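Novice: Can you keep this structure in mind? I'll have questions shortly.
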Amino acid sequence: MNKVLNHLEEWLIAFMMGAATIVIFVSVVHRYASGIPWPALQDWLLTINLSWAQELCIYMFIWMAKFGAAYGVRTGIHVGVDVLVNQLQPKMRARFIIFGLLSGALFTGIIGTLGAKFVWEIAHTDQVSPDMELPIWIAFLAIPLGSCLMCFRFLQVSWSFWRTGELPHHDHGYVEGIEPVRDEDIIPYALRDNLHPDEPKKGDAK
């Protein structure tokens, strides 16, 4: 179940990022192409209404940011100031780390609860978005869903740290699908036999 949630989280972030990029690109090209006096083509372009593109991209970036924050907690890519914490004794350091993780879980849990209450109340109104006329509660649904997922990730990391004493660490040099090369596999002075110079023959210039 956890693997399914991980993949769903990653797919949602990737889809939102790719879709927003495509929508913005099409919108910009349409805007500039509509100003070029091309016979017939300009009239056709002007009939296409893309005024909703900016609003859609804003909502997608909000969803992407909320779920991306939860992904950051799971993978350990959030920026943190831990210089003083790492100077403490191991037991005291562990207590500070657990306290920080549980504080994050408490904060995001509160935001998720209040966000769910807000979405529930606004869902019983007729409010819609200005351009897309989308029920506004759908856009705001990113707040409780993303915050609750982030709360779950904080609790997940806390439990993992309590059991193993290790925090998730993100290696910026790692590329998925490429196996890392071990040091013992590198032989810098190994040469194939056919790379050795030939013995000098008689008559060769010295």
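Novice: Which value, in debye to the nearest 20, describes the size of the charge dipole of region 30-96 about its Cα centre when Lys and Arg Cβ atoms bear +1, Asp and Glu Cβ atoms bear -1, and nothing else is charged?
Specialist: On the way: 6 positive and 3 negative charges, 128 e Å.
The calculated dipole for region 30-96 is roughly 620 debye.
Novice: Considering the dipole of region 1-158 built from charges on the beta carbon (Lys and Arg +1, Asp and Glu -1) around the Cα centre, which of Pro37, Phe154, Ala14 is farthest to its positive end?
Specialist: Checked the options; the winner is Phe154.
Novice: Right, something else. For Leu84, what accessible surface area do you get with a 1.4 Å probe? Give it in Å², rounded to 10.
Specialist: Spelled out: Leu84, probe radius 1.4 Å, area about 140 Å².
Novice: Another one. Give me the percent relative contact order of region 1-97, please, defined on Cα pairs under 8 angstrom at least 6 residues apart.
Specialist: It comes to 32 percent, rounded to a whole number.
Novice: How much accessible surface area, in Å² rounded to 10, belongs to the heavy atoms of Ser103 with a 1.4 Å probe?
Specialist: 50 Å²
Novice: Here's a follow-up. Take Thr108, Thr47 and sort them by solvent-accessible surface of the protein heavy atoms, 1.4 Å probe, largest at the top.
Specialist: My answer, sorted largest first, is Thr47, Thr108.
Novice: Could you sort Glu121, Glu133 by their accessible area in this structure, using a 1.4 Å probe and putting the largest first?
Specialist: So the residues, ranked largest to smallest area, are Glu133, Glu121.
Novice: Give, in nm to one decimal, the length gained when the segment between Trp44 and Met132 is fully stretched (0.36 nm per residue of separation minus the Cα-Cα distance).
Specialist: Values: separation 88, 0.36 × 88 = 31.68 nm, distance 2.14 nm.
Computed gain between Trp44 and Met132 is 29.5 nm.
Novice: Note down the magnitude of the dipole of region 1-155 about its Cα centre, charges +1 on Lys and Arg C-beta and -1 on Asp and Glu C-beta and zero elsewhere, to the nearest 20 debye. Intermediate values should be presented prior to the final figure.
Specialist: On the way: 9 positive and 9 negative charges, 196 e Å.
My answer is approximately 940 debye.
Novice: Around Thr125, with a cut-off of 15 angstrom between Cβ atoms, what is the net charge of the other residues, counting Lys and Arg +1 and Asp and Glu -1?
Specialist: Local net charge: -2.
Novice: Accessible surface of His124 in the full protein assembly, 1.4 angstrom probe, to the nearest 10 Å²?
Specialist: For His124, the solvent-accessible surface is approximately 130 Å².
Novice: Ordering Val81, Val26, Val119 by accessible area with a probe of 1.4 Å, largest first, what comes out?
Specialist: Val81, Val26, Val119
The values are calculated or read from the model by the stated rules, or taken from the named source; none is laboratory data. Because the structure is predicted, anything quoted here is derived from the model rather than measured. Ideal geometry is used to build each Cβ from the backbone, glycine not excepted, and the neighbour counts take in all protein chains shown. In case anyone asks, the SASA skips ligands and DNA or RNA and just uses the protein heavy atoms, side chains included. Shrake-Rupley method; radii C 1.70, N 1.55, O 1.52, S 1.80 Å.
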